[in-house]
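Here's the structure we're looking at; comments come further down.
Since every read-out is calculated from the coordinates, none of them should be taken as a lab result. Predicted model, so just to flag it, every value in this text is computed and none were measured. Cβ placement follows ideal geometry from the backbone for every residue including glycine, while neighbour counts extend to all protein chains displayed.
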């Protein structure tokens, strides 16, 4: 996402420079202007009224994609593309004008996809199986970091090489098509496999409508048959069986979770069983905040308030969920009916425009625009079972931009004359703003490096170096509460360590211990005040207090108060109730501890730790 931000700044700055050079602001009008504007307005309003505007602006930390800033970036890139690519030749000093056609970008997409797919196949063969914690040989993710993300990207690209092969009969396009399908299968992504089936069906439908001669149909049929040899039947059958669980008439989320618990054995829960539970919580959250939701990208904070109790029965019951695993429900939960409505309007408007141009493309046999349309439709399918990431988010805006640039109609423009004397001021302003934004991106990247390095130093008990790295991260990004919460934990840990060793340390060590203790309390409080809805910050505050309880037992009560506050935000979190029970036990309040353990078992009947503690208190 930071890379996209950087390129957006450079592209936009260059685009503005061309305005000044030509003394005219020129933005190409597109058929999607109105829905894009309405969608952007909904995101701005949801950010303004968000429970955490910082997250809504920049996205959930470590993902970044999905915040208002990323949406603005994609829209800027959309208009920069449609206003410059295929509209006018690219002129460089001393070089003949370049055609600057959309087809050049298609070739670039195919080349990069070939590299991604080749690496996916190599992963299947075990090229990097020893480098990852995940079993990457079983479920490949190539250069995109996660199997579902890889499959969503590849399915969107798949129609391009297939239809180009049918039109041009070039073997590289055929090989790339089979390579992409192989990679999708190797991800074992249920949503990816399902979307591939729909995509191939749409491609065959288009070919049957366009090419009447038998050889064309034989070629396309042979391609599909070749692909099925790669597909293992058990993958398809397991996908169909799993997809059945998202049928709202199948059973309730509670019933699905109970059945999953009874049948999964020592394995993990079925992904669709997990989705049903998360989706139910997302729907309840959206209904609770119907107009603008809880704020763009705040699902990680707000979901736990409506999290179904059935989630405790799943194998991933104590995982953090920062997305609804359904793009549409994620919009509903975080941006309400206004955000979801504008998003659906953008989709419907785009489909209507594309269908209108598709009829013309069928008559003139323009397979690239058709391929882009089918690939774009696949994004709508994979987004239903998951959520978009940067690569797919770019394609969501880039494919329509490419299709618009491929049309032969003379584009209409918004234009505004720039006074000659204003040019120098505009250029100066854009340079200053660009340098500032690029510097901010650099600081974000360096802060993230320092923060993640601090984790490894903490794991190695290198407490002082971990503190130094966290201080560096905070200096670079002072408004990131996660960094402040983590340094509070680390300071509390160091304070407790010094306290336990005071007898063997010089007298001034006591002052140092008190300093770390005070800083830990201040930082923990500051982090929570910056985002009181973030459960992770409250948990960090509780951990810091538990560390400090080694110095003064009164901090145990502070830790308890913090977790009680957290349990109000997450009333169905059985792990929180278990930890509350432990703290009650440590405070010598067995009756309250028993009540907490019983409540934890009520929410999660198979909670062995809570059952064990309860037996100790009630033998």
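Relative contact order (percent) for the stretch 43-191, with alpha-carbon contacts under 8 angstrom and 6 or more residues of separation?
Working: 147 pairs, mean separation 23.0, N = 149.
Contact order relative to length: 15 percent.
How far apart, in nm, are the 7 Å Cα→Cβ label points at residue 104 and residue 204?
Result for the modelled spin labels: 3.9 nm.
Tell me, what is the percent relative contact order of the chain, built from C-alpha pairs under 8 Å that lie six or more residues apart? Don't skip to the answer; put the middle values down first.
Working: 886 pairs, mean separation 100.1, N = 619.
Answer for the chain is 16 percent.
If I fit a long axis through the Cα atoms of helix 390-406 and take the longest principal axis of the Cα atoms of the chain, what angle between them do I get, 0 to 90°, rounded to 10?
For 390-406 against the chain, the angle is about 20 degrees.
For the stretch 481-524 and the stretch 528-603, write down the distance between their C-alpha centroids in whole Å.
Comparing the Cα centres of the stretch 481-524 and the stretch 528-603, I get a distance of 21 Å.
At 222 nm, what helix-only mean residue ellipticity would the chain give, in deg cm²/dmol to the nearest 500, using -39500 (n - 2.57) for each DSSP H run of four or more?
Values: 26 runs with 438 residues, N = 619.
Here the helix-only value at 222 nm equals -23500 deg cm²/dmol.
Over the chain, what per residue volume does the convex hull of the Cα atoms give, in whole Å³? Present the calculation step by step, with values, prior to reporting the outcome.
Numbers: hull volume 119.7 nm³, N = 619.
Hull volume over Cα atoms, normalised by residue count, gives 193 Å³.
On C-alpha positions alone, give me the angle between the axis of helix 367-385 and the longest principal axis of the chain, in degrees, nearest 10.
For helix 367-385, the angle is close to 20 degrees.
Would you mind computing, in nm to one decimal, how far apart the modelled labels at residue 410 and residue 7 are, each placed 7 Å from Cα along Cα→Cβ?
3.3 nm
Would you calculate the separation in nanometres between label points at residue 146 and residue 125, each defined as 7 Å from the Cα along the Cα-to-beta-carbon direction?
My value for the distance between the label points is 2.9 nm.
Ordered by packing density, taken as the mean number of other Cβ atoms within 10 Å over each peptide's residues, highest first, how do 394-403, 441-450 rank? Working shown, then result.
Numbers: 394-403: 22.4, 441-450: 16.6.
Ranked by mean Cβ neighbours within 10 Å, highest first: 394-403, 441-450.
Using Cβ contacts closer than 10 Å as the measure, can you line up 29, 139 from fewest to most?
Numbers: 29 14, 139 18.
Placing the least packed residue first, the sequence is 29, 139.
Relative contact order (percent) for the stretch 437-593, with alpha-carbon contacts under 8 angstrom and 6 or more residues of separation? All intermediate terms of the calculation are to be shown ahead of the outcome.
Numbers: 192 pairs, mean separation 26.0, N = 157.
Relative contact order here is 17 percent.
Given N residues in the stretch 433-569, what is Rg(Cα) / (2.2 N^0.38 Å)? Before the final figure, lay out each step's value.
Working: Rg = 16.0 Å, N = 137, 2.2 N^0.38 = 14.3 Å.
Normalised by 2.2 N^0.38 Å, the Cα Rg of the stretch 433-569 equals 1.12.
If packing is taken as the mean number of other Cβ atoms within 10 Å per residue, what is the order of 159-168, 594-603, highest first?
Taking the mean over residues of other Cβ atoms within 10 Å, the ranking is 159-168, 594-603.
Assuming a ≥ b ≥ c are the square roots of the Cα gyration tensor eigenvalues, decide whether the stretch 395-444 counts as rounded (a/c under 1.5), prolate (otherwise, with a/b larger than b/c) or oblate.
Numbers: a/c = 5.54, a/b = 1.30, b/c = 4.25.
The shape class here is oblate.
Pop the C-beta distance of residue 425 and residue 29 into the FRET formula with R0 = 22 Å and round what comes out to the nearest 0.05.
Numbers: r = 27 Å, r/R0 = 1.23.
Given R0 = 22 Å and the Cβ-Cβ separation, E is 0.25.
Quick one: give the max-minus-min coordinate of the C-alpha atoms of the stretch 363-412 along each principal axis, largest first, in Å.
Cα extents, longest axis first: 37, 24, 14 Å.
Helix 574-586 versus the longest principal axis of the chain: what angle, 0 to 90°, nearest 10, using Cα atoms?
Long axis of 574-586 versus the principal axis of the chain: about 20 degrees.
Show me the ranking of peptides 410-420, 282-292, 372-382 by mean Cβ neighbours inside 10 Å, starting with the highest.
On the way: 410-420: 10.9, 282-292: 18.5, 372-382: 23.5.
Top of the packing list down: 372-382, 282-292, 410-420.
How big is the stretch 544-591 in terms of Cα radius of gyration and Dmax, in angstroms?
Cα-based Rg and Dmax for the stretch 544-591 come out at 10.6, 32 Å.
Using the Cα atoms as the points, what is the convex hull volume per residue of the stretch 262-346 in Å³? Walk me through the numbers on the way to the answer.
On the way: hull volume 6.8 nm³, N = 85.
Roughly 80 Å³ of hull volume per residue.
Given R₀ = 45 Å, what would the calculated FRET efficiency be for residue 118 paired with residue 611, taking r from the Cβ atoms and rounding to 0.05?
Working: r = 51 Å, r/R0 = 1.12.
Efficiency, from the Cβ-Cβ distance: 0.35.
Which FRET efficiency value, to the nearest 0.05, is calculated for residue 348 and residue 525 with the Förster distance at 41 angstrom and r the Cβ-Cβ distance? Each step should come with its number before you reach the end.
Values: r = 47 Å, r/R0 = 1.15.
Computed FRET efficiency for residue 348 and residue 525: 0.30.
Can you give the direction-averaged projected area of the convex hull of the alpha-carbon atoms in the stretch 492-545, in nm²? Don't skip to the answer; put the middle values down first.
Values: hull surface 13.6 nm².
The number I arrive at for the stretch 492-545 is 3.4 nm².
Could you tell me the distance between the Cα centroids of the stretch 44-62 and the stretch 305-382, to the nearest Å?
21 Å
State the volume of the convex hull built on the alpha-carbon positions of the stretch 494-619, expressed per residue in Å³ and rounded to an integer. Mind dumping the intermediate values first?
Working: hull volume 13.5 nm³, N = 126.
Output value, Cα hull per residue: 107 Å³.
Expressed in nm², what is the orientationally averaged projection area of the convex hull enclosing the Cα positions of the stretch 569-619? Write down the numbers at each step before the final one.
Working: hull surface 12.6 nm².
That works out to 3.2 nm².
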